[in-house]
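Some notes on the structure that comes next.
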Amino acid sequence: MMVDAHLDLAYNALDLGRDLTLPLPELRAGKGEGETPLVSLPALREAGVGLAFATVFVDPKAHAGRLWEEARRQVALYRDWEARGLVRLLRDGEDLKRHLKAYTEDGVLGLVLLLEGAHPLPEPEALEDLHREGVRLLGPAWATGSPYAGGNASPGPLTPMGEALLRKMEELGVALDLAHLSDEAFSQALQRYEGPVLASHANPRALAPTPRNLSDEMLLALRARGGVLGLVPFNAFLDVGWKKGMPRLPLERFLVHKAYAESFLGREGVGLGSDWDGGFGLESVPLGPEGHGDLRRLGDEAFLGGNWLRWLRGWF
């Protein structure tokens, strides 16, 4: 079973208007302008992706004034897919056990919901509503930051509201996703939050020096807390000199990032967090992979799923 720690499925369906229930070739045929899609539910099933961390990501500009409503709409879409038998939402360890058994028979994709950026939450207590709906992972900030914490493109600290949110997360048993946090907020969040941590989608900053990636110190801090890093096969995260429209990078560039990350986190601390179709498509990923099935050449069973399953079992 392959595990992908970051997929913006609801965002693609609702914001980009993609019918993710279609086979990938059909979705690509009707893509119109923009980059070529990489993800659909049938494609994930065909590739053997059995579990994914599926985001609730609300574009703060596109939905200004309606952030909370849009977050609820995305969760409702996941619930609808579940009701139609297209996915299986996992809320705890018992759900995970049942899913791992059932998956071998029905191939249904399991989803753990991840709130990417806390900006839709009007106050920390609102997390209780999303938790009841299945959200089990949360990143306090997206790139532009939030009322809760600075983001990688908007440096700033963890705010008092952010500290209250971390306390609410501990109370509810929601894991902390460190991706997208500013350096200052990253450090503060680790000091103030005692629950499980991960970085669902990021790469080593030493090889691609951008605040969006993690420094060596951050990688070591993640390891010290037993966290796992989800590596992103996205050219701009692999080489800061790469820009959209340029030729795709060689696949070796991703493997260099993987080896570097494993030198800090160990082979047990690195997995896949593709972020595929999270603002980019086929034209922006390294040469070779055309879909999730091709990602099997990037690592062993531990990298492709075992490390994330072990991490989930450790706290879920």
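Scanning segment 44-64 for residues that are closer than 19 Å to LEU16 by Cα, open to solvent by 10 Å² or more (accessible area, probe 1.4 Å) and not hydrophobic (A, V, I, L, M, F, W, C) turns up ASP59, PRO60, LYS61, HIS63. In the set (1) in a loop (DSSP other than H, G, I, E, B); (2) buried (at least 19 other Cβ atoms within 10 Å of the Cβ); (3) more than 18 Å from the chain's Cα centre (by Cα), PHE264 fails one condition alone, (1).
Checking LEU130, LEU114 one by one, the residue that is touching a Phe, Trp or Tyr at 6+ places or on another chain (Cβ under 6 Å), closer than 11 Å to VAL174 by Cα and open to solvent by less than 10 Å² (accessible area, probe 1.4 Å) is LEU114 and no other. Inspect all residues belonging to segment 24-43 and state whether any of them is without any contact (Cβ under 8 Å) to a residue 24 or more places away in the chain, touching a Leu at 6+ places or on another chain (Cβ under 6 Å) and under 23 Å from ASP177 (Cβ atoms). Scanning segment 24-43, I find no residue that is without any contact (Cβ under 8 Å) to a residue 24 or more places away in the chain, touching a Leu at 6+ places or on another chain (Cβ under 6 Å) and under 23 Å from ASP177 (Cβ atoms), so the answer is no. Of the residues making up segment 267-305, just one is of a type in the set (Gly, Ala, Ser), open to solvent by 10 Å² or more (accessible area, probe 1.4 Å), over 18 Å from VAL39 (Cα atoms) and part of a helix (DSSP H, G or I), namely ALA302. Taken as a whole, the condition of being open to solvent by 50 Å² or more (accessible area, probe 1.4 Å) and either over 20 Å from the mean Cα position of the chain (by Cα) or modelled with pLDDT of 95 or more (or both) applies to ALA29. Filtered by the rule that a residue be under 15 Å from LEU172 (Cα atoms) and touching a residue at least 60 places away in the same chain (Cβ under 8 Å), segment 91-111 gives ASP92, GLY93.
All of LEU14, LEU90, LEU67, LEU9 fail the test of being touching a Pro at 6+ places or on another chain (Cβ under 6 Å), open to solvent by less than 70 Å² (accessible area, probe 1.4 Å) and among the hydrophobic types (A, V, I, L, M, F, W, C), apart from LEU67.
The values are calculated or read from the model by the stated rules, or taken from the named source; none is laboratory data. Every value quoted in this text rests on a predicted model; they were computed, and no experiment measured them. Cβ sites come from the backbone with ideal geometry, for glycine too, and all protein chains shown count toward neighbours. What goes into the accessible areas is simple: the full protein's heavy atoms, side chains included, and nothing from ligands, DNA or RNA. Shrake-Rupley method; radii C 1.70, N 1.55, O 1.52, S 1.80 Å.
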